[in-house]
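Trainee: Below you'll find the structure I mean.
The values are calculated or read from the model by the stated rules, or taken from the named source; none is laboratory data. Nothing here was measured: the structure is a model prediction, and the numbers come from that model. Cβ placement follows ideal geometry from the backbone for every residue including glycine, while neighbour counts extend to all protein chains displayed.
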Amino acid sequence: MRSHHRLRRLPLLRVLLICVGLNFASLHASDAPRERLKSGLEAGAAVQAFFVRAVTGPLKNRSVCYVCRNGDRPVVMVFFQGIDPNAVKFMKMIDHITDAGRVNGARCFGVLVTDDSGMVVPTLQTLAFDGQIEMPLTAATTAISGPSAHRLHPDAATTIVLYRQQKVVASFGYRRGDLLDAEIDRMQRELEAFLEIAK
């Protein structure tokens, strides 16, 4: 009789162990960096000059070409086609790394890509104020996102383009929700290498 009960319990024990294992794996998978989208110009491509509406920063309320102003400096350019839940943390990391790379001429700026002009100012001002974001935040229409311009993937809420001497070094795209802490750490290491920041 005891052996019969033991046999009945074994499958249940096996199921419980499998469930625990799956939950453990899913937790670790959720913390791992996500697969990036192919978004933005490819390495070696020339960065096209374009004008944006500056919403924050020293040139706010003006039409500015930051590509022109930054010249041959190393630049971190961030396009937002949506606002990721971790956007503030991500931008603060870029602020920190860019500030450390200013000795090498590093610059950064963000561009909200939208045709809804009514959302631009409140969205960017709230981000800048709540997150104490120092990088200039700007806006441009969706005309800059197409294949004849900056080639932003339609599913990419966030696209990061690293360029120097107005030539793309690398670009990365992320769906909304993919900027997890592990991915931000991964991106920080890549920015440190790009901006040649000594540890």
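Trainee: So residue 148 passes all but one of these: (1) at pLDDT below 95; (2) buried (at least 19 other Cβ atoms within 10 Å of the Cβ). Which condition number does it fail?
Mentor: (2)
Trainee: I'd like to verify a number: residues in the range 125-155 that are more than 22 Å from residue 50 (Cα to Cα), polar (S, T, N, Q) and touching a residue at least 40 places away in the same chain (Cβ under 8 Å), how many?
Mentor: 1
Trainee: A follow-up question, please. Tell me yes or no: at least one residue of the range 70-79 is within 17 Å of residue 140 (Cβ to Cβ) and surrounded by fewer than 19 Cβ atoms within 10 Å (Cβ to Cβ).
Mentor: The answer is no, given that none of the residues of the range 70-79 is within 17 Å of residue 140 (Cβ to Cβ) and surrounded by fewer than 19 Cβ atoms within 10 Å (Cβ to Cβ).
Trainee: Tell me yes or no: at least one residue of the range 126-137 is buried (at least 16 other Cβ atoms within 10 Å of the Cβ), in the same structural domain as residue 164 (by TED's automatic domain parsing) and of a type in the set (Ser, Thr, Tyr).
Mentor: Looking for residues that are buried (at least 16 other Cβ atoms within 10 Å of the Cβ), in the same structural domain as residue 164 (by TED's automatic domain parsing) and of a type in the set (Ser, Thr, Tyr), one finds none in the range 126-137, hence no.
Trainee: How do the pairs read when you match residues in the range 176-194 that are in contact (Cβ under 8 Å) with a residue 24 or more places away in the chain with residues anywhere that are surrounded by fewer than 18 Cβ atoms within 10 Å (Cβ to Cβ) and polar (S, T, N, Q), using Cβ under 9 Å and keeping only pairs 6 or more apart or on different chains?
Mentor: Within 9 Å, the pairs are 180/30.
Trainee: In the range 38-63, what residues are of a type in the set (Gly, Ala, Ser) and either part of a loop (DSSP other than H, G, I, E, B) or farther than 25 Å from residue 170 by Cβ (or both)?
Mentor: 39, 40, 43, 44, 45, 49, 54, 57, 63
Trainee: Right, here's the next one. Looking at the range 87-107, which of the residues that are surrounded by fewer than 21 Cβ atoms within 10 Å (Cβ to Cβ) and either of a type in the set (Val, Ile, Thr) or more than 14 Å from residue 187 (Cα to Cα) (or both) is nearest to the chain's Cα centre (by Cα)?
Mentor: Once the filter is applied, the top-ranked residue is 88.
Trainee: Turning to a different aspect of this structure: Quick one: is residue 80 in the same structural domain as residue 161 (by TED's automatic domain parsing), within 19 Å of residue 195 (Cα to Cα) and touching a Leu at 6+ places or on another chain (Cβ under 8 Å)?
Mentor: Considered against the rule, which asks whether it is in the same structural domain as residue 161 (by TED's automatic domain parsing), within 19 Å of residue 195 (Cα to Cα) and touching a Leu at 6+ places or on another chain (Cβ under 8 Å), residue 80 comes out as no.
Trainee: Checking residue 144 against (1) closer than 16 Å to residue 78 by Cα; (2) touching a Pro at 6+ places or on another chain (Cβ under 7 Å): exactly one of these is not met. Which one?
Mentor: With (1) closer than 16 Å to residue 78 by Cα; (2) touching a Pro at 6+ places or on another chain (Cβ under 7 Å) applied to residue 144, the lone miss is (2).
Trainee: Out of curiosity, is residue 171 modelled with pLDDT under 95, of a type outside the set (Phe, Trp, Tyr), under 19 Å from residue 47 (Cβ atoms) and in contact with a strand residue (DSSP E or B) (Cβ under 7 Å, 6 or more places away or on another chain)? Lay out the reasoning, then the answer.
Mentor: On the way: modelled with pLDDT under 95: no; of a type outside the set (Phe, Trp, Tyr): yes; under 19 Å from residue 47 (Cβ atoms): yes; in contact with a strand residue (DSSP E or B) (Cβ under 7 Å, 6 or more places away or on another chain): yes.
Spelling it out, it is not the case that residue 171 is modelled with pLDDT under 95, of a type outside the set (Phe, Trp, Tyr), under 19 Å from residue 47 (Cβ atoms) and in contact with a strand residue (DSSP E or B) (Cβ under 7 Å, 6 or more places away or on another chain).
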